[in-house]
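Visitor: So that we are looking at the same thing, I have put the structure below in structure tokens.
What follows is calculated from the coordinates using simple rules that are stated; it is not laboratory data. Bear in mind the structure is a predicted one, so any value in this text is a computation, not a measurement. Cβ coordinates were reconstructed from backbone atoms using ideal geometry, including for glycine residues, and neighbour counts include every protein chain displayed.
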Amino acid sequence: MGHVPLLDELAIVAALAVVVTIILARFKLPTVAGLLAAGALGGPFGLGLVKSVHSIEVLAEVGVVLLLFSIGLEFSLARLRDIFKQVALGGLLQVGLTTAATTGIAVALGEPVGRGVLYGFVFALSSTAIVLRALAERRELDAPHGRFIVGTLIFQDLCVVPMVLIVPLLATTASAGDAAIEIGIAMGKAAAVVIGTVAVARFVVPRALGWVDASRSREVFLLAILGLCIGTAWLTSQAGLSLALGAFLGGMVVADTEYGHRAMGDILPLRDAFVSIFFVSLGMLFDVHVVATQPLLVGALLLGLLVAKGLLATLAAMAMRFPARVAWLAGVGLAQFGEFGFVLIRLAQSHKVIDEVTASPILAAGIGSMFLTPLLVRAAPHITAGERLLAPLEKLIGVRSIDEADDGKSMKDHTVIVGFGLAGRLTAQTLQACNAPFVVLELNADNVRKGKELGLPVFYGDATSTEALQHAHLGDARLLVLLMNDPSAAQRVVDTVKRVAPNVPMLMRAHYLTEREPLMALGARDVVAEEVEGAVEIIARTLRVLETPRNVIDDRLREVRGATQTSERKQTVPRASLGEMRALAEMRIESVLVREGSPAIGQSPVKMQLRSRTGALVVGVHRGHKLLENPDPHVPFEAGDIVYLVGKGESFAQALPLFEPVTAS
């Protein structure tokens with residue numbers, strides 16, 4: 001019966017989390033903030049509703065293992081190879097700068113080096129769960145700052161692995177040389193485990209999962225995946241490494257098999273439940289007493305996370321040659337404490353690197369920063385002071401700008417394209433093929449490089465800035481085509497264009513139809529809503545598969561367009577082949593050669609009474625090098641003609657002999 005109190009408390013935790021999260025959702029605060037607040041409220045430093053904090057922490061550890069397993073599932077070895085170049089440099093700069101700066105400050109304030117390094121690690125990590133959710137809600141994952149943030153978060157997640165290995169070694173009072181040797185041994189162990197895991201991944205796991213899949217039982221498959229996840233975590237812990245490393249490797253093992261997507265689908269609900277408990281357990285660490293007794297220290301640490309860490313992330317983005325606005329938004333997005341920061345602190349506490357008294361203010365500031373992040377991410381695009389302060393740095397770091405295009409030649413009657421993703425590239429290539437002059441403004445360094453390789457006039461430039469638009473000679477342009485992935489930035493571009501060149505028409509795209517009217521009111525000439533175009537295409541293809549008559553399809557599509565947005569294009573639907581028409585499933589097309597000596601030579605289909613006698617219909621005749629698509633039924637056949645007939649099987653059986661040479665019986 002000893003477990004019953006834990007069940008009581010789990011029920012309290014769940015109920016409290018639901019109520020607090022619903023209340024905070026009214027204020028547009030994310031779920032994670034609600035879970036943290038619920039933990040703080042019900043924990044030992046709040047109302048004290050939960051007494052078995054240790055038991056909750058055990059469940060939270062399962063949450064961490066499942067979280068890392070699911071992150072591993074998204075990182076097949078192939079994907080790691082693809083994103084390595086984009087991720088490595090920006091992530092390395094952000095993690096390296098933050099770790100070095102924090103360690104330096106801690107040591108200068110009299111902390112031992114080991115503890116300074118721990119602070120550096122903890123401050124370098126940001127919250128994957130909170131930031132990705134905030135970016136997804138704002139549809140900014142594909143925006144330039146979104147891509148930089150996601151890349152950096154991926155790098156941080158990978159850094160957790162060596163950090164977890166190094167933290168237990170920071171407690172040793174040995175010399176720096178000995179510590180370096182120990183860290184080297186730990187890293188060697190980790191490398192051996194990784195190589196062993198990859199070998200198992202290639203040869204054992206796919207076969208084992210194949211046998212499990214053959215059982216056709218979802219429960220058995222889920223148990224097998226959980227066994228893999230917890231099994232690899234346990235094995236790595238037996239090798240003296242962390243549970244987290246094992247779980248991550250377990251995920252990567254499954255990701256490289258054909259069962260990766262299925263495993264992710266099955267494990268997600270379980271992961272979400274345990275990760276929720278993990279966030280509640282973090283909230284329980286929030287000690288109001290610490291904030292009350294050490295407000296200056298907690299405030300300074302919170303400022304360090306929000307301002308200093310944000311500034312270092314901003315500098316990392318600028319070093320990657322991103323313009324001021326992108327760097328500013330990236331800095332705000334990465335300026336908070338991370339889930340794995342808590343994991344490292346707990347690990348450090350268990351290895352006596354840091355005690356609870358020292359850890360409490362960091363945890364209080366960390367939870368505060370996680371709570372504030374969604375609000376800051378929402379506010380950042382509207383605060384232009386940040387990017388204005390960074391503007392001088394743009395020139396210093398050497399971000400190549402649109403002013404390179406403005407070399408004294410005056411552009412006139414050209415098109416200005418903003419954004420060089422897939423849509424921007426296709427538009428630019430089409431204009432080039434039509435010999436129509438154009439210039440492209442883009443914020444992503446990789447895309448600009450691709451444009452240069454294709455020989456297209458693609459330049460760095462922030463279209464929300466008046467100067468960039470003036471360098472692109474927008475006032476003399478015929479048209480501006482706006483194809484950005486950042487909705488809030490797109491609105492600012494429309495506003496800026498109306499001020500810089502009010503007479504230049506703007507064509508743009510939006511994700512949703514609801515965005516169309518506000519953008520038109522703001523000054524766009526026409527807005528193409530992607531969801532409508534996608535729906536029209538799906539409807540056309542659906543009705544074609546359902547064999548709806550063409551004129552009915554056209555009517556339905558006109559109705560859809562009339563209710564949403566018109567199109568300048570002629571209405572088209574996918575072409576159907578005879579084989580796709582089920583009503584005509586028995587009909588076939590056959591060809592027959594008119595041989596020398598055939599009675600059909602000199603006879604026309606009408607004279608032969610081909611249709612009435614056999615049921616076969618002539619739909620084409622290949623004569624010489626030419627196909628007669630609509631052959632006149634009164635024109636006689638010639639030797640060497642290939643005749644195409646449509647009909648049922650029995651029709652062909654009767655028609656084919658009419659084209660064969662007559663043989664004496």
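Visitor: Taking amide hydrogens as modeled 1.01 Å from N in the peptide plane, which residues meet the under 5 Å criterion relative to Leu628, leaving out close sequence neighbours?
Guide: Val621, His622, Arg623
Visitor: Could you pull out every residue, at least 5 positions away or on a different chain, whose amide H is within less than 5 Å of the one on Ala510? Hs are placed 1.01 Å off N in the peptide plane, and Pro or chain starts have none.
Guide: Val528, Ala529, Glu530
Visitor: Which FRET efficiency value, to the nearest 0.05, is calculated for Arg449 and Leu109 with the Förster distance at 56 angstrom and r the Cβ-Cβ distance?
Guide: 0.85
Visitor: Given Lys626/Lys648; Lys412/Lys498; Lys28/Lys352; Lys51/Lys309; Lys309/Lys498, which pairs have Cα atoms separated by over 28 Å? Present the calculation step by step, with values, prior to reporting the outcome.
Guide: Numbers: Lys626/Lys648 26 Å; Lys412/Lys498 18 Å; Lys28/Lys352 40 Å; Lys51/Lys309 35 Å; Lys309/Lys498 36 Å.
The answer is Lys28/Lys352; Lys51/Lys309; Lys309/Lys498.
Visitor: What nm value, rounded to one decimal, do you get for the distance between Glu586 and Ile195 when each label is placed 7 Å out toward the C-beta?
Guide: 6.9
Visitor: Oh, and also: Normalised by the number of residues in the range 586-659, what is the relative contact order in percent for Cα pairs under 8 Å and 6+ residues apart?
Guide: That works out to 48 percent.
Visitor: Residue by residue through the range 467-482, which ³J(HN,Hα) values in whole Hz follow from phi under the Karplus form 6.51 cos²θ - 1.76 cosθ + 1.60 (θ = phi - 60°), with glycine and proline marked x?
Guide: Per residue, the Karplus-derived 3J(HN,Hα) values read 4, 4, 5, 5, 5, 7, 6, 4, x, 9, 7, 8, 6, 10, 10, 9 Hz.
Visitor: Take each of the peptides 25-33, 221-229, 337-345, average the number of other beta-carbon atoms within 10 Å over its residues, and list them starting from the highest.
Guide: 337-345, 221-229, 25-33
Visitor: Name the residues whose placed amide hydrogens come within less than 5 Å of the amide hydrogen of Phe438, ignoring near sequence neighbours (fewer than 5 apart) on the same chain.
Guide: Thr415
Visitor: Quick one: of the DSSP bridges fully inside the chain, what percent are antiparallel, nearest 5?
Guide: Details: 14 of 33 bridges.
Rounded to the nearest five, the antiparallel share is 40 percent.
Visitor: Could the peptides 523-529, 465-471 be put in order, highest first, of the mean number of other beta-carbon atoms found within 10 Å of their residues?
Guide: On the way: 523-529: 17.1, 465-471: 19.6.
For the peptides 523-529, 465-471, the packing ranking is 465-471, 523-529.
Visitor: With a ≥ b ≥ c taken as the square roots of the eigenvalues of the C-alpha gyration tensor of the range 581-665, please select rounded if a/c is under 1.5 and otherwise prolate if a/b is larger than b/c or oblate if it is not?
Guide: The shape class here is oblate.
Visitor: Could you calculate the contour length gain from Ala300 to Lys498, that is, 0.36 nm times the residue separation minus the distance between their Cα atoms, to one decimal place in nm?
Guide: In short, 67.0 nm is gained.
Visitor: Give, rounded to the nearest 20 debye, the magnitude of the charge dipole that the chain has about its Cα centre when Lys and Arg contribute +1 at Cβ and Asp and Glu contribute -1 at Cβ.
Guide: 780
Visitor: What length, rounded to one decimal in nm, is gained on full extension from Val58 through to Gln349, with 0.36 nm per residue of separation minus their alpha-carbon distance?
Guide: 103.2 nm
Visitor: Taking only the C-alpha atoms, wrap a convex hull around the chain and report its volume per residue in Å³ as a whole number.
Guide: Values: hull volume 170.5 nm³, N = 665.
Taking only Cα atoms, the chain has a hull volume of 256 Å³ per residue.
Visitor: Placing one identical point scatterer on every Cα of the range 22-382 and ignoring solvent, what is log10 I(q)/I(0) from the Debye formula at q = 0.07, 0.08 Å⁻¹?
Guide: So the normalised log intensities are -0.30, -0.39.
Visitor: Another question, then. Return the distance in nm (one decimal) between the two label points of a simple spin-label model at Met187 and Ser604, each offset 7 Å from Cα along Cα→Cβ.
Guide: My value for the distance between the label points is 8.9 nm.
Visitor: At 7 Å along the Cα-to-beta-carbon direction for both His622 and Ala136, put a label point, then send me their distance in nm to one decimal.
Guide: With each label placed 7 Å out from Cα toward Cβ, I get 5.4 nm.
Visitor: Next question, about the same structure. Applying 1/(1 + (r/R0)^6) with R0 = 25 Å to the Cβ-Cβ distance of Gln432 and Gln470, what FRET efficiency is obtained, to the nearest 0.05?
Guide: E(calc), rounded to 0.05, equals 0.55.
Visitor: Stretch Leu513-Leu223 to full length: gain in nm at 0.36 nm per residue minus the Cα-Cα span?
Guide: Here the answer is 100.0 nm.
Visitor: Continuing with this model, one more query. Report ³J(HN,Hα) in whole Hz for each residue of the range 282-288, in order, from the Karplus equation J = 6.51 cos²θ - 1.76 cosθ + 1.60 where θ = phi - 60°; Gly and Pro get x.
Guide: So the Karplus estimates, Gly and Pro as x, are 5, x, 5, 7, 6, 9, 4 Hz.
Visitor: Okay, moving on. Between 0 and 90 degrees, rounded to the nearest ten: what's the tilt of helix 4-26 against the longest Cα principal axis of the chain?
Guide: 70
Visitor: For an R0 of 30 angstrom, estimate the FRET efficiency from the Cβ-Cβ distance between Leu372 and Ala11 and round to the nearest 0.05.
Guide: Once rounded, the FRET efficiency stands at 0.50.
Visitor: Go ahead and estimate [θ] at 222 nm for the chain from helices alone: -39,500 (n - 2.57) per DSSP H run with n ≥ 4, summed, over the residue count, rounded to 500. Mind showing how you got there, number by number?
Guide: Working: 29 runs with 409 residues, N = 665.
For the chain, the value works out to -20000 deg cm²/dmol.
Visitor: OK, next. Convert each backbone phi in the range 91-107 into a coupling constant with the Karplus relation 6.51 cos²θ - 1.76 cosθ + 1.60 (shift: θ = phi - 60°), then list the ³J(HN,Hα) values in order as whole Hz, x for Gly and Pro.
Guide: x, 4, 4, 5, 5, x, 4, 5, 4, 5, 5, 5, 4, x, 5, 4, 5
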